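Colleague: Submitted below is the structure of interest, expressed as structure tokens.
The values are calculated or read from the model by the stated rules, or taken from the named source; none is laboratory data. Remember, predicted model here, so these are calculated numbers, not experimental data. Methodologically, a virtual Cβ is constructed for each residue, glycine included, from the backbone with ideal geometry; neighbour enumeration extends over all protein chains shown. Side chains included, ligands, DNA and RNA excluded: accessible areas come from the protein's heavy atoms. Shrake-Rupley method; radii C 1.70, N 1.55, O 1.52, S 1.80 Å.
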Amino acid sequence: MANLSTVSVFILQGFSTVPALQLLSMAIFLLIYLAAVLGNVSIMIAVTLDSHLHTPMYFFIKHLSLVDLCSTSTTLPRALVATMADTKEISLPACASQLFAFVCFGSLECFLITSMAFDRCLAIYRPLTYGVTMSSQTCVSLVMVAWVSGLLFSTFHMVNTFSLPFCGSNTIDHFFCDIPPLMHLACGDTQGHEAAGFIVSGCVIMTCFALTCLSYVLIVYTVVHIRSAAGRWKAFSTCSSHLATVLLFYGTGSSAYMQPTAHYSPLQGRMAAIFYSIFMPTLNPLIYSLRNKDMKAALRKLYPQVPS
């Protein structure tokens with residue numbers, strides 16, 4: 001941290017570099033944030049209160065909702081307040097803390113999605129031993145491993161990023177402290193830090209992606225061997241929501257973070273981060289409730305005054 005003595009405060013550009021779009025963006029993202037909070041909190045409460053949802057699949061969905069809520073709350077409220085109050089400054093410790101929390105919750109989502117793929121795979125590929133294998137102890141262990149791994153992963157990235165010297169411009173072309181714009185801002189040689197971050201992130205992301213793909217290969221193998229069309233549809237429908245989440249997560253995350261800093265585009269980075277850190281936490285509750293009869297029934301009990 002000694003290298004950072006030349007810069008003690010960063011300036012966040014916000015949602016847009018065009019002043020006229022700042023207030024419009026703030027209004028839109030405020031509504032999206034409220035929707036994300038309502039959706040994710042509703043799912044957590046519904047799963048907790050409804051005994052029919054006390055299964056491994058919904059246990060992971062509840063924790064995914066918690067992570068989504070924390071992830072979007074790490075970046076969006078501060079950006080909204082900064083836009084309203086016209087205060088773009090963020091201290092170095094606050095910037096480091098925000099990056100740490102954002103990376104932690106982002107990696108947690110990756111690990112949870114992998115655990116959910118494993119759960120769906122066992123439910124379809126090994127249904128006879130599913131109840132024994134996916135016990136409550138196994139589920140808790142998988143979540144604990146995800147948290148520990150996420151904390152270690154985010155600690156590495158925070159140290160790897162903030163051990164760089166920042167002695168020039170302190171203006172971050174983003175609405176929160178993220179790795180690519182900070183790497184782009186560093187005034188020293190970032191190649192070694194960039195390579196280390198790319199290797200570690202690549203190993204973690206590709207391992208999780210490979211395990212998820214393997215789970216779906218086994219799921220597809222099992223589904224195609226089911227003789228009845230109704231049976232095939234029932235088996236596939238149990239993991240269709242998760243598959244949509246997988247495609248959204250890896251589609252947006254890879255485009256945002258699996259590219260060299262030299263090719264970093266502020267506009268592209270901002271748009272990818274908006275989709276990854278704002279839209280995804282809002283869409284996930286919809287994905288897991290729109291086509292899920294049990295979840296819809298639990299939510300109707302939670303909000304009986306809302307027409308179905």
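Colleague: State whether the stretch 71-148 is rounded, prolate or oblate according to the following rule on the C-alpha gyration tensor (a ≥ b ≥ c being the square roots of its eigenvalues): a/c under 1.5 gives rounded; otherwise a/b larger than b/c gives prolate, and the remaining case gives oblate.
Modeller: Because a/c hits 1.5 or more and a/b exceeds b/c, the stretch 71-148 counts as prolate.
Colleague: Also, quick follow-up: Could you work out [θ]222 nm for the chain from helices alone, using -39500 (n - 2.57) per DSSP H run of at least four and dividing by all its residues? Round to the nearest 500 deg cm²/dmol.
Modeller: Dividing the helical sum by the residues of the chain leaves -25500 deg cm²/dmol.
Colleague: What FRET efficiency comes out for Gln137 versus Ser97 if R0 is 30 angstrom and r is the Cβ-Cβ distance? Round to the nearest 0.05.
Modeller: Efficiency computed from Cβ-Cβ geometry: 0.35.
Colleague: Report the extension gain between Leu34 and Ser169 in nm, rounded to one decimal, defined as 0.36 nm multiplied by the number of residues separating them, less their alpha carbon distance.
Modeller: Contour length minus Cα-Cα distance gives 45.2 nm.
Colleague: Same structure, new question: For the stretch 229-241, what does the Karplus curve 6.51 cos²θ - 1.76 cosθ + 1.60, with θ = phi - 60°, yield as ³J(HN,Hα) per residue in whole Hz, taken in order and with x for Gly and Pro?
Modeller: Each residue of the stretch 229-241 in turn: 5, 5, x, 5, 5, 4, 5, 6, 5, 6, 10, 5, 5 Hz.
Colleague: Which residues' amide hydrogens lie under 5 Å from the amide hydrogen of Thr171, considering only partners 5 or more residues apart or on another chain, with H built in the peptide plane?
Modeller: Those qualifying (amide H under 5 Å, at least 5 residues apart or on another chain) are Ile11.
Colleague: Something else: Beyond 30 Å, what percent of the Cα pairs of the stretch 13-302 remain?
Modeller: So the pairs more than 30 Å apart make up 35 percent of the total in the stretch 13-302.
Colleague: Over the alpha-carbon set of the stretch 185-245, divide Rg by the Kirkwood Rh and report the Rg/Rh ratio to two decimals.
Modeller: My calculation of the ratio gives 1.33.
Colleague: Take the solvent-accessible surface of the protein heavy atoms, probe 1.4 Å, and return the percent of it on the chain that carbon and sulfur atoms account for.
Modeller: Of the solvent-accessible surface of the chain, carbon and sulfur hold 71 percent.
Colleague: Hey, another quick one. How far, in nm, would the chain grow between Asp294 and Ile226 when pulled straight, counting 0.36 nm per residue and subtracting the alpha carbon separation?
Modeller: 22.1 nm
Colleague: Test of understanding: extend the Cα→C-beta vector of Leu243 to 7 Å, then name every residue of the stretch 125-149 with backbone N under 16 Å from that spot.
Modeller: Within reach of a label on Leu243, which here means backbone N under 16 Å from a point 7 Å along Cα→Cβ, the stretch 125-149 contributes 125.
Colleague: Still on this structure: Per residue, what accessible area does the stretch 53-123 have, given a 1.4 Å probe and all protein chains present, in Å²?
Modeller: Value returned for the stretch 53-123: 31 Å² of accessible area per residue.
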